[in-house]
Structure formats: structure tokens, C-alpha cells
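Visitor: Right, I'll just put the structure down here and ask away after.
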Ligand code: AMP
Ligand code: GLY
């Protein structure tokens, strides 16, 4: 099978690594990729957000499946353009991708489908924001309505800071003020062909920049999978997953299909386990980053068959994907000053030594080759992944590998998966 992956981050690198593990090996290329991806597959200098350019390329090169990594191409209508040209694509059309691209749309779908989520009020002005903050009380949750690259949400007890955040985002549109939800967060990925879903194994993401969940929200600083603590509350991972399929995923997929916007691709359920039950904090329309880096290394079922079945409407004929009993941990290496204003263009050394640690792989997030060296090109630079028989082992391997990597000014969290080890 000839597959084109769109994107340039650690998530796409992890997807490609999973595809290349298969026997027989599919033929994989990536646009635009990064230095780590280019070391493994052909990279194409193609703008992944340009629907016509991507569709032309796919037709001309007999691509049999396009896998869309990030949200921007989805919102730009790249999946629509590919489907129109008869190319199988894993990723929703623009209309269904609004589940991630518009929080107002997502809330309406959840309301119609009866999916449990936090109460929220949309505010179009500072006066409306102020009234909503007082209605909900502290801690305040203020969310930009559109795509905000992980920077749209502020959770704070400081009313002035909440208002300042709203003021900034009101210039770009409206904001959502939401009830504060307290509990463990879970990322659950479900493959969808528009009508049926198949679950992957859950993961937990660390969104804050610093240890002990201090510092600002980021795109994600680390993750682990599976979540052993689910058993105490649900009996087993399978029982938890069954509940999410029945109460969240299927109602959402059915609502979207009924509205004429079937969702084909990855339904990312961002969940919070409150004392009152499960609530959806957000949906994304694509694989999560860095969660993908810990979910896919544990996947035993060939990934390409699952993605193609979703893209071609035949997911309902397949059994649930299987996962290894091994655990996986990933720790993200971030640039100096990430997430505020990352300093980039710095040389990275020690990657080969890090890869010699057993069970370790490195998904490149923002790297480029410059001559014989590899340099950083963005905020999240590397996602160091370690698999092991236990979280103690996987963590030890990940942090051993991290100690061998050098990037001036970089930082990473030291507490990823510490709570389960
Ligand atoms: P989102 O971009 O919606 O995933 O929000 C980013 C992060 O903000 C989430 O992962 C949570 O940690 C936090 N968050 C979002 N909404 C809420 C909420 N209603 N209550 C508490 N924390 C929230
Ligand atoms: N890790 C959070 C996200 O991918 O949105």
C-alpha cells in the first residue's frame, strides 16, 4: 500500500514508525516531515495545508491512503479535496473537523447528542465575559472559540488574568466561559469510519510546562499508556472504554452523521473523571501529540489496515485493535522559552547514544538537518519514547536516554508517569 502522511511533528513520526513496523511494509512518504522522518522515509516538499496541491500530488503519485496528522489541514479542507478526487483519506472533512475547530460547534453537538460535558456560556464581549465569570465563580476557565494551538485555554483563580485572557481572544472572535471540572484527565482515541468506532488504548497527557503541573499550558510535555488506575474505578480498561463508546463516542458520531457531516478519522476524546462522572473537556479531530507516541508503540494490530478501514467505511467488520501488555512513557524535550517564545536553530547532540538505551525510540517534533548536524526548529523538539515491562523500567529508560541528549537551554519534565511507577 502507498501511504502519504501529512505533517511534521512527533505525532507524524510516531505514526510512520508504527507503519514501518508492519510486515509487509507499506510504502510511506511524508509531507513535509522533519529531520527524523527524513531519515526513515521519503519526504515531499508540499504544503500540507493546500488542498489542491495535496490532492494533485496524491492523484499523480497513485497514493492509496492519505493520513492527515495535524488539525490545520483538516480545517483547511484538505480531506474534502482528496475525497472529491477519489483518494482514501484518514481525517474528517472540514465540516466535521469543526468538532475541534469550533468549541461552540462541539458544545452544540454534545448537547444534541446528550454527551456529558461542562456547562459553558459563550461570550462575545467583555461585559458578557465578566457576567459569566461571576456566574460560574473561581477557578475560572476561559477558552478561545477557534483553533489556538494549545494556547486558547486559561484556568485561573485570578479574575483579572481571566479577563485579560478573554480580552486577547475576543479580538479574534468569541470566548467560552466554562464550569471548572476537577479530576484525572484521560485521552482516548477512537478510529471512526463515520458510523462505527474502534478504540485504541487510553493515555494521559501532561499539559503544563513544569513539574507538578506548574507553569503555563502547552501542547503537551509528556504522556504514558496504559492507565493502571482505571481498573480501580471501572474494573478494567475495557469496561472504561465500553462506557466511553456508549456515552460519548457513538452518540457524537451518530449526531454528526445525522447532520450530514460524517466523521471519518480519529475522534480524540479529552475526558475528565470527576466525582460526578465522566465529562468531555474537548474533542480533537486527529491523533493527540504526545499521546500518540505512547499509544502506537503498544499497538499489535497493523495500523495501516485500521486507518484504511476507517477511510473506506469498513471499520465495522474488524475486531478491536490489540495492545501489548508493555507500558510506554514519553517525555518531550522543549526549547528554551517554550511555550512563550521558543529559541530555535540550536544544535542537538547525543541522539545516537540515547537510541542505544534498550526500548527507546525518539520521535522528532521540530528538527531539521543542517549539514551533518540536526538543529531545533520549534518549541517542542523531541519526544523521547521508552517502552518497558513496568513504568519503573520505562521511566528509567526514558530518563537515561534524555540524559544523553544535549540541546542548549532545553527543558523537560522530570515527573512524567511518576504517579504510576
Ligand atoms: P483544552 O484545550 O480544552 O483541552 O484545555 C486544555 C487544558 O485545560 C485541559 O487539558 C485541562 O487541563 C484544562 N481545562 C480545560 N477545560 C477545563 C475545565 N472545564 N475545568 C478544568 N480544567 C480544564
Ligand atoms: N496532547 C493534546 C493534543 O494533542 O491536543
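The values are calculated or read from the model by the stated rules, or taken from the named source; none is laboratory data. What you see is a predicted model; the values in this text were computed from it and never measured. In this analysis, Cβ positions are derived from the backbone assuming ideal geometry, glycine residues included, and neighbour counts consider all displayed protein chains.
Visitor: When you go through (1) in a strand (DSSP E or B); (2) more than 27 Å from residue 328 (Cα to Cα) one by one for residue 345, which number turns out not to apply?
Guide: (1)
Visitor: Examine segment 217-228 for a residue that is away from ligand 2 (no atom under 14 Å from the Cβ), surrounded by 15 or more Cβ atoms within 10 Å (Cβ to Cβ) and under 24 Å from residue 139 (Cβ atoms), and state whether such a residue exists.
Guide: no
Visitor: State all residues of segment 232-251 that are within 15 Å of residue 185 (Cα to Cα) and exposed (fewer than 14 other Cβ atoms within 10 Å of the Cβ); if no residue qualifies, say none.
Guide: 233
Visitor: Would you check if there is a residue in segment 177-187 being out of contact with any strand residue (DSSP E or B) (no Cβ under 7 Å at 6 or more places or on another chain), within 29 Å of residue 10 (Cβ to Cβ) and touching a residue at least 12 places away in the same chain (Cβ under 8 Å)?
Guide: no
Visitor: I would also like to ask the following. List the strands (runs of 3 or more DSSP E) that sit entirely inside segment 141-256 and contain at least 1 residues that are at pLDDT 90 or above and within 16 Å of ligand 1 (Cβ to nearest atom).
Guide: Filter on segment 141-256 gives 153-156, 175-178, 184-193, 208-210, 214-217, 222-225.
Visitor: Against the definition (in a strand (DSSP E or B) and in contact with a helix residue (DSSP H, G or I) (Cβ under 7 Å, 6 or more places away or on another chain)), how does residue 267 come out, yes or no?
Guide: Details: in a strand (DSSP E or B): yes; in contact with a helix residue (DSSP H, G or I) (Cβ under 7 Å, 6 or more places away or on another chain): yes.
Judged against the criteria, residue 267 is a match.
Visitor: Cβ-Cβ under 6 Å, sequence separation 6+ or interchain: first residue in segment 261-289 and more than 24 Å from residue 232 (Cα to Cα) and within 10 Å of ligand 2 (Cβ to nearest atom), partner assigned to a strand (DSSP E or B) and modelled with pLDDT of 95 or more. Which pairs?
Guide: As it stands, the answer is 282/270; 284/268; 286/266; 287/266; 288/187; 288/268, since those pairs meet every condition given.
Visitor: A follow-up question, please. Here are 162, 123, 144: which of them is free of Cβ contacts under 8 Å to residues at least 60 places away in the same chain, touching a strand residue (DSSP E or B) at 6+ places or on another chain (Cβ under 7 Å), more than 17 Å from residue 266 (Cα to Cα) and within 16 Å of ligand 2 (Cβ to nearest atom)?
Guide: 144
Visitor: Looking at this structure, is residue 253 touching a residue at least 24 places away in the same chain (Cβ under 8 Å) and over 21 Å from residue 94 (Cα atoms)? Lay out the reasoning, then the answer.
Guide: Working: touching a residue at least 24 places away in the same chain (Cβ under 8 Å): yes; over 21 Å from residue 94 (Cα atoms): no.
In short, no.
Visitor: Separate question: Residue 2 is checked against (1) over 15 Å from residue 266 (Cα atoms); (2) buried (at least 19 other Cβ atoms within 10 Å of the Cβ) and fails just one. What number does that condition carry?
Guide: (2)
Visitor: I would also like to ask the following. Considering only residues that are within 15 Å of ligand 1 (Cβ to nearest atom) and in a strand (DSSP E or B), look in segment 275-303 and name the one that is nearest to residue 366 (Cα to Cα).
Guide: Applying the filter and picking the extreme gives 284.
Visitor: Need the failing condition index for residue 47 against (1) more than 16 Å from ligand 2 (Cβ to nearest atom); (2) within 16 Å of residue 311 (Cβ to Cβ), just the number.
Guide: (2)
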